[in-house]
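The next block holds one structure in the form of structure tokens; read it before the comments.
The values are calculated or read from the model by the stated rules, or taken from the named source; none is laboratory data. Treat the numbers as computed from the prediction; the structure is a model and nothing was measured. Note: ideal-geometry Cβ built from the backbone for every residue, glycine included; neighbour counts use all protein chains shown.
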Amino acid sequence: MDLSKLIRPNILALAPYSCARDEFKGVALINVDANENPYNNGLNRYPDPRQLKVKELLAPLKGVRPEQIFLGNGSDEAIDLVYRVFCRPGVDNVVAPAPTYGMYQVCAEINDVEYRAVPMVAESFALDVEAMAAKVDACTKVVWLCSPNNPSGNAYPLAEIESLLSRFSEQIVVVDEAYIDFSSIPSVVPMLERYPNLIVLQTFSKAWGHAAMRLGIAMASKEIIGYFNNVKYPYNVNELTQQQAGRVLNDVEKKNRQVAEILAQRDILRDLLLSLPCVDRIYPSDANFLLVRVKDAPSTYHYLADKGIITRSRHKVQLCFNCLRITVGTPAENAEIYNALKDF
């Protein structure tokens, strides 16, 4: 793959902004280079623009090198950077299955990039690979895959993703693994060494339980991450987030325990909901949520909302007619959901 043919010409030619913390490496006795307030309150200095301490903790957990990691303000920053680095506004296009995570399309529209949605196979939510291939042309820069997919919950087989990486070798293929810790199918991160066109997204918001921290992860080749770093805002991840990320990464066992409990509760919640007459179907899930087809999604949604239980209505989303997306909660929360629907 010739990366220079995929990156926007203006980004190839960009002389990135160099901040004070980029220009000096080491330990200083006195910092008078960044026009900061000199009185120490723990937050008076700018944070590390490259988040090196966090990346050094994260890299061995993911099986990559620190220079293969980009950290951003949620995965949404990395999604936006994909458009800003690779897609020429008003010229290029991207291809994605439908339904999937809505920010891919929103970011495309913000960046004036054509978004080509390809319906999945009805009921199974399998990829229609031939239909996706038919949408790819000389101006297609990116193919989006969310695995496990949101809102359907299914993960794609590794062999299928690898075949897509080979088939779309002249495009960037982004695999969004926000829910990968809940999946029976392993991550595609090991494929990074074989496929230079692959970008993998993950997050601290789901399994790690730190959605409010707003820290997203992109993993790719050193070259792609270098362009992300050139385009990002200088101090895109604040000091408090970096400090908390360090604490989180030093307690992997807590994350693993919570994932195991969520997986157990996912099975319990599925069995409970399937016993209810208002539920028609629950789709297989490799995520921390269930896509539930009910008799009447609008009325069910409002009934639960009146009881203070907020689900996500996917009723108007392609292939999701009469569906609610229900996140797996604590044992007490799941029991409340069941008891409420039992009386519906």
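Residue-wise test of (1) touching a residue at least 24 places away in the same chain (Cβ under 8 Å); (2) over 16 Å from Ser75 (Cβ atoms).
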site: Val189; (1), (2): yes, no
site: Tyr195; (1), (2): yes, yes
site: His210; (1), (2): yes, no
site: Asn229; (1), (2): yes, yes
site: Arg257; (1), (2): no, yes
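Listed here are the residues, each with its yes/no results for (1) touching a Gly at 6+ places or on another chain (Cβ under 7 Å); (2) in a strand (DSSP E or B); (3) outside the structural domain of Tyr156 (by TED's automatic domain parsing).
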{"residue": "Leu58", "(1), (2), (3)": "no, no, no"}
{"residue": "Ser75", "(1), (2), (3)": "yes, no, no"}
{"residue": "Tyr83", "(1), (2), (3)": "no, no, no"}
{"residue": "Val91", "(1), (2), (3)": "no, no, no"}
{"residue": "Pro97", "(1), (2), (3)": "no, yes, no"}
{"residue": "Gln105", "(1), (2), (3)": "no, no, no"}
{"residue": "Tyr115", "(1), (2), (3)": "no, yes, no"}
{"residue": "Val118", "(1), (2), (3)": "no, yes, no"}
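Do the conditions hold for Ile326, that is, is it outside the structural domain of Asp176 (by TED's automatic domain parsing), surrounded by fewer than 17 Cβ atoms within 10 Å (Cβ to Cβ), closer than 25 Å to Asp176 by Cβ and free of Cβ contacts under 8 Å to residues at least 60 places away in the same chain?
No, not satisfied.
What tally of residues in the range 176-233 results from selecting those that are of a type in the set (Ser, Thr, Tyr) and touching a Cys at 6+ places or on another chain (Cβ under 6 Å)?
0
Scan the range 205-241 for residues that are over 19 Å from the mean Cα position of the chain (by Cα) and either assigned to a loop (DSSP other than H, G, I, E, B) or more than 18 Å from Asp80 (Cβ to Cβ) (or both) and jot them down.
The answer is Lys222, Glu223, Tyr233, Pro234, Tyr235, Asn238, Glu239, Leu240.
Can you list residue pairs whose Cβ atoms sit under 9 Å apart, with the first residue in the range 62-74 being of a type in the set (Asp, Glu) and the second being assigned to a helix (DSSP H, G or I) and at pLDDT 95 or above? Count only pairs 6 or more apart in sequence or on different chains.
Glu67/Lys55; Glu67/Ala59; Glu67/Lys222; Glu67/Ile225; Glu67/Gly226
Among the residues in the range 284-298, are any over 30 Å from Glu23 (Cβ atoms) and either in the same structural domain as His210 (by TED's automatic domain parsing) or in a helix (DSSP H, G or I) (or both)?
Scanning the range 284-298, I find at least one residue that is over 30 Å from Glu23 (Cβ atoms) and either in the same structural domain as His210 (by TED's automatic domain parsing) or in a helix (DSSP H, G or I) (or both), so the answer is yes.
So, in the range 47-101, of the ones that are within 19 Å of Tyr115 (Cβ to Cβ) and small (Gly, Ala, Ser), which residue ends up surrounded by the fewest Cβ atoms within 10 Å (Cβ to Cβ)?
Gly90
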